[in-house]
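S.K.: Pasting a structure below so you can have a look.
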């Protein structure tokens, strides 16, 4: 059972290769030049030629590494495989001078890891990519749960959204950006400023607010979580998150 979970969690990452990017480029940009086997052979020959002409790591500084990530701006759907999506290479800083200084200062391991994890996500976005928690799990030899806990802890403490697949492409149950958007709306922060704070477009921010207000109206009328999810078409776990925000405001009013 556990082995199947690991295969499901990490298996798709085996498709994150230069060959996959090249295969997708050929099939999407150059039209029909043959079936998958022909394209795969073409890719193999190009890779062999690259290996002859380019030396690995020529322009990578010490402490950095190259990694393939999802290209930002892509639409994600449940039926879409990772191998069908566009990938781009990014340069990530595993060790910086600040990291060395932090070690000298005996900064706690948890703080060092949080800083590293957040930096990797931010660096990826700056280069036009989207890093997943699974990516970081593989790179740092930590569980996905550990990576998620570090990210969520940082977001809760700083009220800043860490750009990752869940927040950038609305994959999975990443709700922090929705929570913060609605939270800022309740504080009467304008949409333009709200969007800047959660690092999203005004259009996305308005959509999160609209979902929140729809849920709020039904909640105030006495409907439960299941009924609200049914009437709005919004996932149950999302409804639950919004209701938690509303309840927190009710407690603040009582106090």
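The values are calculated or read from the model by the stated rules, or taken from the named source; none is laboratory data. Predicted model only: the values in this text are computed from it and were never measured. Positions of Cβ are generated from backbone atoms using ideal geometry, with glycine treated the same way; all protein chains shown enter the neighbour counts.
For (1) under 21 Å from the mean Cα position of the chain (by Cα); (2) closer than 23 Å to residue 69 by Cβ; (3) modelled with pLDDT of 85 or more; (4) not in a helix (DSSP H, G or I), each residue gets a yes or a no:
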| site | (1), (2), (3), (4) |
| --- | --- |
| 161 | yes, yes, no, yes |
| 172 | yes, yes, no, yes |
| 188 | no, no, no, yes |
| 219 | no, no, yes, no |
| 229 | no, no, no, no |
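S.K.: From the set of residues in the range 190-202 that are out of contact with any helix residue (DSSP H, G or I) (no Cβ under 7 Å at 6 or more places or on another chain) and in a loop (DSSP other than H, G, I, E, B), which is surrounded by the fewest Cβ atoms within 10 Å (Cβ to Cβ)?
M.R.: In this case the residue turns out to be 190.
S.K.: Let me ask something additional. Which residues, taken from the range 81-135, are assigned to a loop (DSSP other than H, G, I, E, B) and farther than 23 Å from residue 156 by Cβ?
M.R.: Within the range 81-135, 81, 85, 86, 94, 95, 96, 105, 106, 127, 128 qualify.
S.K.: Have a look at 214, 207 and point out the one that is assigned to a helix (DSSP H, G or I) and surrounded by 16 or more Cβ atoms within 10 Å (Cβ to Cβ).
M.R.: Result: 214 is the single residue among 214, 207 that is assigned to a helix (DSSP H, G or I) and surrounded by 16 or more Cβ atoms within 10 Å (Cβ to Cβ).
S.K.: Of all residues being modelled with pLDDT under 90 and in a helix (DSSP H, G or I) in the range 136-145, which is nearest to residue 70 (Cα to Cα)? Just the residue, please.
M.R.: 144
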